[in-house]
Amino acid sequence: MATSAPAVSAPSLHEKLLRIWETPHSLFGVLGTVDHKKIGKRYLVTAFVFLLLGGIEAALMRLQLAGPDRHVLSPEAYNQLFTMHGVTMIFLYASPILSGFSNYVWPLILGSRDMAFPRLNAFSYWMFLASGIFLYSSFLVGQSPDRGWFAYAPMTEGTYSPGLNMDFYALGLILLTISTTVGAINFITTVFRLRAPGMSINRLPIFVWGTLTTSFAILFALPSLTVACVMLYFDRRFGMHFFDASSGGHPLLWQHLFWIFGHPWVYVIVLPAMGIMSDLIPVFSRRPLVGYTYVALATVATGILGFGVWVHHMFATGIPALSTDFFSAASMVIAIPSAVAVFAWLATIWQGRPVMRTPFLFAAGFIVLFVMGGVSGVVTAAVPFDWQVTDTYFVVAHLHYVLVGINVFPVIAGFYFWLPKMTGRMLDERLGRWNFWTMFLGFNLGFFPMHIAGLLGMPRRVYTYPAGLGWDAVNLITTIGAYVFAVGVLLFLVNVFVSFRRGRVAGPNPWDAPTLEWAVSSPPPPYNFAVLPTVGSRHPLWEERLQEPGGRSRIDEGPALAEGRETLGVSPLDAQANEVITMPEDSLYPFFLAVSLLVTFYGLLTGAWALAIAGGVLDVALSIGWLWPSHRMVEAVS
Amino acid sequence: MTASAIPERLPVDAGGHGATGAWGMILVIVTEASLFAYLLFSYFYLGSMARGGWPPSGAPELRLALPNTFILLLSSVTMWWAEAGIRRGARGRLRVGMLATMALGIVFLAIQLVEYHGKQFTPRTDAYGSLFYTITGFHGAHVAVGLLMIAVVSVRAGLGHFTQRHHLAVTNVTWYWHFVDVVWLAVFTSLYLSPRFL
């Protein structure tokens, strides 16, 4: 395949590439598209809907807790709400929303035309949607999961939880692990194979480092959740005894398996978000990130150390002191790479000329919340303190500072930053400032008092509390703060919808940012790059002014690869072009396989074995059909 | 260093060990290996917590499992032989090798079913029973999936899809099969051998 510059003129090249890459405007196109930008947007919208659903669940709970002895919700309804709130936010919002950003941004920021496995990418989205539908369909039969998002045995065993509630939980999460696992495989392969030539591993944006680290963590950690959920399902459905102490099982086995997965998962839902911040703060500080190498290494180190701290969730279970000491030390050590990142961000702002636009406000708010959540985390790594606050609102406060501070704030910043790329229109700055301050003040008003409620001894997950315990005022303040925060989120939605209609036209690079996604039009064409770029530095679009030693990137000239659906493959570390890769066409197989798996899992849920087996046979048939090479591919090789 | 130049001519879908499809299979194996690691962790964890003897019914017999282990190892050899064949362009050797692998895999599963039939305990007897059947069952399911993959690749081989240069599907299936064998060695060592010397 010849890779020299195209002989055709630009408009006809555009027509030619459009014919090859554009998804048809038809039902087939809707269900069969493999365009990473469409899939990324679907991820973002779907995950945001789950954020709103989880928010409504929280709002109902705060209504109940606004004062003592309130009975808006029954205890059972309250149990289902706090469980689904946790499941929704942790599994259906926090990780998928970051997958959405990665899906949309990666091929653009890496200078490629799609992800490594476009069909797997579509499948990953459909499976995410399927697991969300599966978990939420539990509300239709009034049997939603109700034993908390970490679902400790033996409360979840059939003896103590006879309904379908926890079957929805176990099977719904297994469906989600399929989505997440194939997504991680896709991200890892993409970063190692589908970059712009010259984008060696030391030139990757930190956001890419974040999702890459996360993807490896998923491959090693997520099977632990799968195993735990399979065992839970087997115990409940087939009367096995994994967590049943009376027959040789052990409830703590669940806790080990869950947290071996669970703590790395915390980093799965914060590292890409921290990566977004590491790339965004330099743009608004008008200078490169200080300490790039240290921040990249800190990202990877956090991902690895995250595997050595799971027992700090279990300090109060009576495990041996030697074990708690080890995990306590490891949990304190993990603060070090986080601090490296914080100091790098502060130094970048300090050394730069900060521009106070809305994405920067959210980034600054993020740093404040990150430090607060980090401090309340590192003190609970000390075993005696942990014993004091275990299962109190102090822990609730800590985990919300971490998850809202290090996930939601960067996500909103990411929307303000990249939505103009996706829609071609800017969000409003004045509304953006209102949006930020409402969310920031509302959040702190709502969640800071939870620390105090916890220290006053209020246990988490109580559906109500009697008057006179000194908890009334802090709870009322928390409820008011939570609703102010909710108004802030609504302001964001208003801003998004207003921008669709009236937003200022963004142009290719409204922020004057340095990375490749800003080199193409907003929104980008279906094929991303008319000619595939070559990269000579970490900041391809800032080379003129930075005058760093090193090469120059070439954005406007390069191979067009317009003879078929093709992109460039590179060597894994130094990104030397070594292959032209033929990319798959749109396909309905991913959609139908997801539907068929959903049917299979409803069969497993209800014990309708005929349905489950028929679904399983269909799963196999569709997988074979998917993998069977097209006529085109067979001819290409023989 | 300047921006790296792109060679004037590049191979299309070069295949080989660096191909995207090979990355996909390697990463599947990584995550599947982790899955079995957690299953075996559960086995040893519950074993270490057991109040009575472990396993409760004594170490499982080797009478069927040991020969079965050799059968599965032999199937890895035949699969290796088949893949090495297509690397030299020998299509007939590929098909014969894969047929032999499938036959050995089916024998392995059949013997495992016979062994299940003779067991004095079920998955519902106690936690050990749950572990034994779940772990060996998960492995058996992986053998079955591997067999299905080899069957599909055999049909494709019959249709002449593979050449000396282009046979990534064969290589991927071969790696998966070797992986399933290695997992069995870990399962066999943990469930059958470790009770004899731990």
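What follows draws every value from the coordinates through simple rules; no lab data is involved. It should be emphasised that the depicted structure is a prediction, and the values quoted were computed from it without experimental measurement. Positions of Cβ are backbone-derived with ideal geometry, glycine not excepted, and every protein chain shown enters the neighbour counts.
Based on DSSP H assignment, which helices of chain A show an axial Cα extent of at least 30 Å together with a mean Kyte-Doolittle hydropathy greater than or equal to -1.0? Qualifying helices: A:36-65, A:165-193, A:206-238, A:358-380, A:429-455, A:472-502. Compared with the dominant Cα axis of chain B, that is its longest principal axis, helix B:20-49 is turned about 10°. Summed over all non-identical Cα pairs, the Kirkwood treatment of region A:321-476 gives a radius of 17.6 Å. Quote the convex hull volume per residue of region A:114-200, based on C-alpha atoms, as a whole number of Å³. Taking only Cα atoms, region A:114-200 has a hull volume of 100 Å³ per residue.
In the protein assembly as shown, helical runs assigned H by DSSP with n ≥ 4 each contribute -39500 (n - 2.57); averaged across all residues and rounded to the nearest 500, the mean residue ellipticity at 222 nm is -21500 deg cm²/dmol.
Can you grab the distance from the C-alpha centre of region A:497-549 to the C-alpha centre of region A:362-406, Å, no decimals? Taking the Cα centre of region A:362-406 as reference, the centre of region A:497-549 is 36 Å away.
Considering the zone a paramagnetic label at A:Ala621 would reach in this model (a point 7 Å from Cα along the Cα-to-Cβ line), which residues of region A:569-593 have amide N under 19 Å from it? Once the point is set 7 Å along Cα→Cβ of A:Ala621, A:588-593 turn out to lie under 19 Å by backbone N, inside region A:569-593.
Let me make sure I get this right: for region A:475-560, a, b and c are the square roots of the gyration tensor eigenvalues over alpha carbons, sorted descending. Under 1.5 in a/c it's rounded, otherwise prolate if a/b > b/c, else oblate. Which is it? Here region A:475-560 falls in the prolate category. Considering all alpha-carbon pairs of region B:2-88, what whole percent are spaced by more than 18 angstrom? Of all Cα-Cα pairs in region B:2-88, 75 percent lie more than 18 Å apart.
Cα-based radius of gyration for chain B, normalised by 2.2 N^0.38 Å, reads 1.25.
Grouping the Cα pair distances of region A:424-508 into 10 Å bins from zero gives a pair-distance distribution of 18, 33, 22, 15, 10, 2 percent in increasing distance order. By the count of neighbouring beta-carbon atoms within 10 Å, fewest first, B:Val96, A:Val484, B:Val153 end up ordered B:Val96, A:Val484, B:Val153. Region A:421-455 and region B:120-164 have Cα centres spaced 51 Å apart. For region B:19-69 and region A:258-299, compute the distance between their C-alpha centroids and round to whole Å. Using only Cα atoms, the two centres lie 35 Å from each other.
Dividing the C-alpha radius of gyration of the protein assembly as shown by 2.2 N^0.38 Å, with N its residue count, gives 0.97.
Listing A:Ile56, A:Ile349, A:Ile109 from fewest to most neighbouring C-beta atoms within 10 Å gives A:Ile56, A:Ile349, A:Ile109. Rounded to the nearest 10 degrees, the inclination of helix B:91-117 to the longest alpha-carbon principal axis of chain B is 10 degrees. Across region A:29-183, Cα-Cα pairs more than 24 Å apart make up 40 percent of the total. Expressed in units of 2.2 N^0.38 Å, where N is the residue count, the Cα radius of gyration of region A:403-443 is 1.21.
From least to most packed, judged by other beta carbons within 10 angstrom and beginning with the fewest, A:Glu22, B:Glu61, A:Glu517, A:Glu544 follow the order A:Glu544, B:Glu61, A:Glu22, A:Glu517. Projecting label points 7 angstrom from Cα along Cα→Cβ for A:Ala610 and A:Ala245 puts them 4.3 nm apart.
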